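The values are calculated or read from the model by the stated rules, or taken from the named source; none is laboratory data. Treat the numbers as computed from the prediction; the structure is a model and nothing was measured. For neighbour counting, all protein chains shown are included, and Cβ atoms are generated from backbone atoms with ideal geometry for every residue, glycine included. What goes into the accessible areas is simple: the full protein's heavy atoms, side chains included, and nothing from ligands, DNA or RNA. Shrake-Rupley method; radii C 1.70, N 1.55, O 1.52, S 1.80 Å.
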Amino acid sequence: MKDRIRRAAYAAAVVSAVMPGAAHAQEPSDAHIAAARNAISALGATDPFDDILPAAALGLKGRLIANNPDLEDQISDIVDSETLAMVSRRSALEEEAARIYASAFTEEDLKMIAEFYETEAGQKLLQNGPIVSREVNGAVSVWARGIERDLLQNVVAKMNEAGLRANVEGAAPGGSTAPLEGAPAQGATQN
(Lines give C-alpha, C1' and ligand atoms only; values in the text may rest on other atoms or scores of the structure.)
Protein backbone atom coordinates (compact mmCIF):
# COMPACT_ATOMS: atom_id res chain seq x y z
CA MET A 1 0.00 0.00 0.00
CA LYS A 2 2.75 2.48 0.93
CA ASP A 3 4.57 1.72 -2.32
CA ARG A 4 1.47 2.55 -4.34
CA ILE A 5 1.01 5.79 -2.45
CA ARG A 6 4.64 6.67 -3.14
CA ARG A 7 4.16 5.90 -6.83
CA ALA A 8 1.05 8.05 -7.01
CA ALA A 9 2.77 10.87 -5.14
CA TYR A 10 5.76 10.56 -7.47
CA ALA A 11 3.52 10.65 -10.52
CA ALA A 12 1.71 13.72 -9.18
CA ALA A 13 5.04 15.41 -8.43
CA VAL A 14 6.29 14.69 -11.95
CA VAL A 15 3.14 16.14 -13.44
CA SER A 16 3.37 19.23 -11.21
CA ALA A 17 7.05 19.76 -12.01
CA VAL A 18 6.73 19.18 -15.73
CA MET A 19 3.61 21.17 -16.36
CA PRO A 20 2.75 23.67 -13.63
CA GLY A 21 -0.64 25.15 -14.39
CA ALA A 22 -1.11 22.66 -17.20
CA ALA A 23 -4.68 21.94 -16.18
CA HIS A 24 -5.63 25.24 -17.79
CA ALA A 25 -4.06 24.38 -21.16
CA GLN A 26 -5.96 23.39 -24.29
CA GLU A 27 -8.43 20.55 -23.80
CA PRO A 28 -6.94 17.19 -24.76
CA SER A 29 -8.67 15.03 -27.35
CA ASP A 30 -10.68 11.94 -26.43
CA ALA A 31 -7.84 9.76 -27.79
CA HIS A 32 -5.34 11.65 -25.64
CA ILE A 33 -7.52 11.13 -22.53
CA ALA A 34 -7.88 7.43 -23.40
CA ALA A 35 -4.10 7.12 -23.67
CA ALA A 36 -3.77 8.86 -20.30
CA ARG A 37 -6.26 6.45 -18.74
CA ASN A 38 -4.29 3.49 -20.11
CA ALA A 39 -1.03 4.89 -18.75
CA ILE A 40 -2.62 5.54 -15.34
CA SER A 41 -3.96 2.00 -15.30
CA ALA A 42 -0.60 0.50 -16.29
CA LEU A 43 1.15 2.54 -13.58
CA GLY A 44 -1.51 1.84 -10.97
CA ALA A 45 -1.13 5.57 -10.28
CA THR A 46 -4.59 6.05 -8.80
CA ASP A 47 -4.92 2.66 -7.08
CA PRO A 48 -3.95 4.05 -3.66
CA PHE A 49 -6.97 6.33 -3.79
CA ASP A 50 -9.34 3.35 -3.74
CA ASP A 51 -9.12 3.33 0.05
CA ILE A 52 -10.13 6.97 0.60
CA LEU A 53 -13.91 6.47 0.69
CA PRO A 54 -13.87 3.26 2.77
CA ALA A 55 -11.44 4.86 5.22
CA ALA A 56 -13.58 7.98 5.48
CA ALA A 57 -16.66 5.83 6.12
CA LEU A 58 -14.90 3.76 8.75
CA GLY A 59 -13.60 6.87 10.51
CA LEU A 60 -17.01 8.51 10.43
CA LYS A 61 -18.67 5.38 11.81
CA GLY A 62 -16.17 5.27 14.65
CA ARG A 63 -16.68 8.92 15.59
CA LEU A 64 -20.47 8.77 15.38
CA ILE A 65 -20.75 5.50 17.29
CA ALA A 66 -18.38 6.79 19.99
CA ASN A 67 -20.74 9.74 20.52
CA ASN A 68 -23.91 7.66 20.08
CA PRO A 69 -23.20 4.09 21.17
CA ASP A 70 -26.90 3.32 21.45
CA LEU A 71 -27.33 3.99 17.71
CA GLU A 72 -24.52 1.74 16.43
CA ASP A 73 -26.69 -0.38 14.09
CA GLN A 74 -28.52 2.59 12.61
CA ILE A 75 -25.30 4.58 12.16
CA SER A 76 -23.62 1.64 10.43
CA ASP A 77 -26.56 1.16 8.07
CA ILE A 78 -26.79 4.85 7.18
CA VAL A 79 -23.04 5.32 6.70
CA ASP A 80 -22.84 2.17 4.56
CA SER A 81 -25.76 3.34 2.42
CA GLU A 82 -24.33 6.82 1.92
CA THR A 83 -20.89 5.40 1.20
CA LEU A 84 -22.28 3.18 -1.55
CA ALA A 85 -24.13 6.17 -2.99
CA MET A 86 -20.81 8.02 -3.30
CA VAL A 87 -18.85 5.24 -5.04
CA SER A 88 -19.74 6.63 -8.46
CA ARG A 89 -17.86 9.83 -7.64
CA ARG A 90 -14.59 7.89 -7.92
CA SER A 91 -14.81 8.24 -11.71
CA ALA A 92 -14.48 12.02 -11.38
CA LEU A 93 -11.08 11.52 -9.78
CA GLU A 94 -10.02 9.20 -12.62
CA GLU A 95 -11.16 11.79 -15.15
CA GLU A 96 -9.21 14.57 -13.44
CA ALA A 97 -6.10 12.39 -13.18
CA ALA A 98 -6.37 11.54 -16.89
CA ARG A 99 -6.63 15.23 -17.77
CA ILE A 100 -3.57 16.03 -15.65
CA TYR A 101 -1.55 13.27 -17.29
CA ALA A 102 -2.77 14.35 -20.74
CA SER A 103 -1.62 17.90 -19.97
CA ALA A 104 1.83 16.72 -18.91
CA PHE A 105 2.50 14.12 -21.61
CA THR A 106 1.75 13.81 -25.30
CA GLU A 107 -0.59 11.10 -26.47
CA GLU A 108 2.38 9.23 -27.92
CA ASP A 109 4.30 9.53 -24.62
CA LEU A 110 1.34 8.09 -22.75
CA LYS A 111 1.06 5.19 -25.16
CA MET A 112 4.76 4.40 -24.69
CA ILE A 113 4.44 4.68 -20.89
CA ALA A 114 1.48 2.29 -20.85
CA GLU A 115 3.20 -0.09 -23.25
CA PHE A 116 6.32 -0.25 -21.09
CA TYR A 117 4.55 -0.63 -17.75
CA GLU A 118 2.36 -3.41 -19.15
CA THR A 119 5.49 -5.44 -19.97
CA GLU A 120 7.08 -7.88 -17.56
CA ALA A 121 9.98 -5.46 -17.02
CA GLY A 122 7.58 -2.56 -16.35
CA GLN A 123 5.61 -4.59 -13.82
CA LYS A 124 8.86 -5.68 -12.18
CA LEU A 125 9.96 -2.04 -11.96
CA LEU A 126 6.68 -1.08 -10.29
CA GLN A 127 6.98 -3.96 -7.85
CA ASN A 128 10.69 -3.76 -7.05
CA GLY A 129 11.43 -0.09 -7.71
CA PRO A 130 10.70 1.10 -4.16
CA ILE A 131 12.85 -1.69 -2.68
CA VAL A 132 15.71 -0.92 -5.05
CA SER A 133 15.44 2.81 -4.28
CA ARG A 134 15.55 2.13 -0.54
CA GLU A 135 18.63 -0.08 -0.94
CA VAL A 136 20.39 2.47 -3.18
CA ASN A 137 19.64 5.21 -0.63
CA GLY A 138 21.17 3.00 2.07
CA ALA A 139 24.28 2.46 -0.03
CA VAL A 140 24.51 6.20 -0.66
CA SER A 141 24.35 6.87 3.09
CA VAL A 142 27.20 4.43 3.80
CA TRP A 143 29.23 5.86 0.92
CA ALA A 144 28.63 9.47 2.06
CA ARG A 145 29.71 8.69 5.64
CA GLY A 146 32.91 7.09 4.28
CA ILE A 147 33.61 10.12 2.07
CA GLU A 148 33.02 12.49 5.01
CA ARG A 149 35.26 10.43 7.29
CA ASP A 150 38.07 10.16 4.74
CA LEU A 151 37.86 13.83 3.82
CA LEU A 152 38.06 14.82 7.49
CA GLN A 153 41.03 12.50 8.07
CA ASN A 154 42.83 13.88 5.02
CA VAL A 155 42.19 17.49 6.03
CA VAL A 156 43.35 16.84 9.62
CA ALA A 157 46.51 15.18 8.32
CA LYS A 158 47.26 18.14 6.02
CA MET A 159 46.58 20.59 8.85
CA ASN A 160 48.93 18.61 11.11
CA GLU A 161 51.61 18.63 8.40
CA ALA A 162 51.25 22.40 8.14
CA GLY A 163 51.65 22.77 11.91
CA LEU A 164 48.06 23.90 12.41
CA ARG A 165 45.98 22.80 15.38
CA ALA A 166 42.91 20.93 14.16
CA ASN A 167 39.98 21.01 16.56
CA VAL A 168 37.86 18.19 15.16
CA GLU A 169 35.36 17.78 17.99
CA GLY A 170 31.95 17.22 16.41
CA ALA A 171 33.45 17.29 12.91
CA ALA A 172 33.45 13.53 12.45
CA PRO A 173 30.63 12.03 10.36
CA GLY A 174 27.43 11.85 12.37
CA GLY A 175 28.80 14.38 14.89
CA SER A 176 31.00 11.75 16.54
CA THR A 177 33.51 13.10 19.00
CA ALA A 178 35.75 10.05 18.72
CA PRO A 179 39.34 11.09 18.01
CA LEU A 180 40.51 10.54 14.48
CA GLU A 181 43.72 8.81 13.64
CA GLY A 182 46.37 11.47 13.27
CA ALA A 183 44.32 14.10 15.10
CA PRO A 184 45.75 15.57 18.27
CA ALA A 185 44.03 14.62 21.51
CA GLN A 186 41.56 17.16 22.87
CA GLY A 187 43.45 19.94 24.62
CA ALA A 188 46.76 18.99 23.01
CA THR A 189 48.68 21.73 21.25
CA GLN A 190 50.45 21.55 17.94
CA ASN A 191 54.09 22.58 17.70
Can you find even one residue in the range 77-100 that is open to solvent by less than 60 Å² (accessible area, probe 1.4 Å) and outside any helix (DSSP H, G or I)? no
Identify all residues within the range 108-141 that are open to solvent by 80 Å² or more (accessible area, probe 1.4 Å), within 17 Å of Leu43 (Cα to Cα) and not aliphatic (A, V, I, L, M); write none if there are none. Glu108, Lys111, Glu115, Phe116, Glu118, Glu120, Gln123, Lys124, Gln127
When you scan the range 31-49, do you find a residue that is part of a helix (DSSP H, G or I), among the small types (Gly, Ala, Ser), open to solvent by less than 40 Å² (accessible area, probe 1.4 Å) and more than 30 Å from Glu120 (Cβ to Cβ), even just one? no
Taking the conditions exactly as written (in contact with a Lys or Arg (Cβ under 9 Å, 6 or more places away or on another chain), part of a helix (DSSP H, G or I) and either modelled with pLDDT under 95 or more than 27 Å from Ser133 (Cβ to Cβ) (or both)), does Asp70 satisfy them or not? no
Within the range 86-103, work out how many residues are in contact with a helix residue (DSSP H, G or I) (Cβ under 9 Å, 6 or more places away or on another chain) and closer than 14 Å to Ala34 by Cα. 10
